[in-house]
Amino acid sequence: MWGRAVRRRCPRGLRRGREALLALLALAGLGALLRARSRSGTLDPGPPRTPLPGRHEPVLPRPPLPADALGAHGEAVRLQLQGEELRLQEESVQQHQINIYLSDRISLHRRLPERWNPLCREVKYDYDNLPKTSVVIAFYNEAWSTLLRTVYSVLETSPDILLEEVILVDDYSDREHLKERLANELSQLPKVRLIRASRREGLVRARLLGASAARGEVLTFLDCHCECHEGWLEPLLQRIHEKESAVVCPVIDVIDWNTFEYLGNSGEPQIGGFDWRLVFTWHVVPQRERQLMRSPIDVIRSPTMAGGLFAVSKRYFDYLGSYDTGMEVWGGENLEFSFRIWQCGGTLETHPCSHVGHVFPKQAPYSRSKALANSVRAAEVWMDEFKELYYHRNPQARLEPFGDVTERKKLRAKLQCKDFKWFLDTVYPELHVPEDRPGFFGMLQNRGLRGYCLDYNPPNENHVEGHQVLLYLCHGMGQNQFFEYTTRKEIRYNTRQPEACITVEDGKDTLVMDLCRETVPENQEFILQEDGTLVHKHSRKCVEATEKVSDDGFAPYLRDCTNSDNQRWFFKERMA
Ligand code: UD2
Ligand code: MN
């Protein structure tokens with residue numbers, strides 16, 4: 001078991017020369033700003049704000065902004081561009097999957113609007129006793145302005161007394177702009193240190209390079225395109241001070257990749273889950289958790305984390321086995337770490353008073369093909385027999401070479417971590433655990449229309465229901481051709497969260513997807529007979545594979561039962 005640390009700390013006095021340094025750097029910061037936007041005009045300190053009562057000074061003060069500064073308060077900006085300028089903007093999106101042309105024109109020191117629960121303003125912190133943190137930011141080929149804005153944002157919102165340093169880990173970026181400017185400009189900022197990987201390490205090992213150099217008692221990881229909300233750091237450190245085995249995430253607010261609008265929201269944060277493809281999902285706080293909270297700004301326990309932004313005691317991080325260094329580039333480490341935290345005795349929490357904005361790119365800016373092997377490593381080490389549910393839904397994963405996980409299994413044994421069933425039952429009881437009975441899951445293939453399978457492709461990842469189920473050539477890759485026939489007689493599409501079930505509305509003959517229900521409604525009930533006939537219970541009609549009514553292709557429809565092969569279906573786990 002992880003014991004509580006006994007900590008004795010002296011109150012920290014003011015640093016000598018700090019004031020002078022601050023003044024100097026405010027100037028340097030302002031200089032950079034003016035270089036970036038050669039605008040004249042009055043300087044505007046932003047909308048009047050009552051200062052946060054009892055909060056400590058940040059490392060750097062925010063310089064005043066020109067009155068006409070773009071996006072200065074987190075509002076959406078849409079530049080009216082033409083010709084060459086428009087082309088440059090499009091090129092920047094092409095390259096970074098973020099509108100960097102716009103980012104380059106938005107202040108590096110902008111103020112985000114207040115988007116936290118107003119109660120967060122009133123919280124008093126025990127500054128003298130809070131642990132100091134090293135903020136670790138790994139980056140690979142990030143655009144200059146988003147990276148720089150991240151760093152300024154940390155320095156301008158983090159209390160000087162709590163920030164040990166900002167460690168930037170350059171994961172072997174090969175873009176020229178970064179090399180010189182990093183050395184000449186970024187590492188000149190106070191408390192900023194730069195580490196360079198000597199080969200592309202991937203985000204796991206890059207973060208670990210930073211962690212191993214860190215001097216702070218707490219590690220706070222951020223992505224390299226973030227902006228911190230006022231007061232984001234204190235709640236994380238306060239919580240770790242109270243409970244060293246708590247790993248604490250800020251609320252992740254969206255910054256729009258195209259307009260740079262800050263879409264923070266002061267309502268109840270969402271927590272993390274996953275679906276059986278091992279894709280991270282967001283969901284609302286379950287009632288059982290809400291009942292445990294003593295106030296709306298109490299920490300919320302979360303089964304998983306998105307991965308990029310969290311704080312953890314350095315000692316506890318090491319005790320838990322930091323990261324799986326066999327993971328490459330991107331993906332999988334977030335669920336692996338989440339499982340490990342819970343199964344090995346820690347807690348994973350989100351703090352409603354800590355908000356950090358993150359630019360979610362238009363699409364992935366670099367190859368993420370290693371994610372599969374990373375997820376397999378997580379499944380192999382932490383999921384016990386439940387890994388089969390994942391492999392059923394993603395047969396490719398079973399074939400993926402994932403390297404050696406012996407050391408990680410040893411770690412699990414050494415720490416005497418609990419099993420995955422405990423995790424599912426205790427930490428994530430909302431997740432439906434599929435039955436996957438042999439012969440009743442996989443591709444649902446038609447006998448008459450040979451080689452065709454039921455196929456459902458929700459147009460939107462976050463909104464699974466409402467569309468028609470179709471037929472396409474069987475591909476054997478699970479995913480959108482994976483269905484499970486349950487003992488409750490539903491045909492579940494349970495690769496996503498929340499899960500969907502096939503339904504037929506009264507009087508209709510098309511099969512569509514709707515959310516599954518606690519008790520199975522009759523129009524979601526199908527009887528799969530021994531001869532393969534699939535009868536819709538409510539209408540007493542049979543599911544038949546036919547040409548689509550309105551256009552090309554094939555789809556299943558309800559028809560009077562005829563005993564034809566097009567009305568016979570069978571499940572196949574994999575291609576022959
Ligand atoms: C999310 C997480 C991200 C990570 C990822 C799963 C958030 C907001 N983001 O995807 O932190 O957990 O899921 O792996 O929760 N990087 C490197 N070297 C690489 C690749 C990436 O240093 O080879 C850096 C990258 O520059 C960035 C960070 O790692 O600072 C995360 O990468 P991302 O922003 O592309 O991941 P994201 O936000 O899509
Ligand atoms: Mn990111």
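The values are calculated or read from the model by the stated rules, or taken from the named source; none is laboratory data. Small disclaimer: the values here were computed from a predicted structure and weren't measured. Note: ideal-geometry Cβ built from the backbone for every residue, glycine included; neighbour counts use all protein chains shown. Accessible surface is based on the protein model in full, side chains and every heavy atom, while ligands, DNA and RNA are left aside. Shrake-Rupley method; radii C 1.70, N 1.55, O 1.52, S 1.80 Å.
Okay, residues lined up against (1) over 20 Å from Asp253 (Cβ atoms); (2) of a type in the set (Ser, Thr, Tyr); (3) buried (at least 23 other Cβ atoms within 10 Å of the Cβ):
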{"residue": "Leu278", "(1), (2), (3)": "yes, no, yes"}
{"residue": "Gln287", "(1), (2), (3)": "yes, no, no"}
{"residue": "Gln291", "(1), (2), (3)": "yes, no, no"}
{"residue": "Leu348", "(1), (2), (3)": "no, no, yes"}
{"residue": "Val359", "(1), (2), (3)": "no, no, yes"}
{"residue": "Lys362", "(1), (2), (3)": "no, no, no"}
{"residue": "Arg368", "(1), (2), (3)": "yes, no, no"}
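Would you be able to tell me the number of residues in region 471-495 that are in a loop (DSSP other than H, G, I, E, B) and either surrounded by fewer than 23 Cβ atoms within 10 Å (Cβ to Cβ) or aliphatic (A, V, I, L, M) (or both)?
Looking only at that region, the number is 8.
Got a sec? Which strands (runs of 3 or more DSSP E) wholly within region 213-298 have at least 1 residues that are more than 28 Å from His432 (Cβ to Cβ)?
218-222, 226-228, 246-255
Would you mind telling me which numbered condition in (1) surrounded by fewer than 18 Cβ atoms within 10 Å (Cβ to Cβ); (2) touching a helix residue (DSSP H, G or I) at 6+ places or on another chain (Cβ under 6 Å) Ile100 fails?
(1)
Every residue in region 111-140 that is assigned to a strand (DSSP E or B) and within 16 Å of ligand 2 (Cβ to nearest atom), please.
Correct list: Val135, Val136, Ile137, Ala138, Phe139.
Can you name the residue in region 342-378 that is within 12 Å of ligand 2 (Cβ to nearest atom) and modelled with pLDDT of 95 or more and is also farthest from Glu122 (Cα to Cα) among such residues?
Pro361
Filter region 145-165 for residues that are of a type in the set (S, T, N, Q) and more than 21 Å from the chain's Cα centre (by Cα) and give the result.
Ser145, Thr157, Ser158, listed by residue number.
When you scan region 379-407, how many residues do you find that are open to solvent by less than 30 Å² (accessible area, probe 1.4 Å) and acidic (Asp, Glu)?
0
Within region 306-315, identify whether any single residue is surrounded by 23 or more Cβ atoms within 10 Å (Cβ to Cβ) and touching a Gly at 6+ places or on another chain (Cβ under 8 Å), and answer yes or no.
Within region 306-315, none of the residues are surrounded by 23 or more Cβ atoms within 10 Å (Cβ to Cβ) and touching a Gly at 6+ places or on another chain (Cβ under 8 Å).
Of all the residues that make up region 189-216, how many are more than 16 Å from ligand 2 (Cβ to nearest atom) and either without any contact (Cβ under 8 Å) to a residue 24 or more places away in the chain or in contact with a Leu (Cβ under 9 Å, 6 or more places away or on another chain) (or both)?
13
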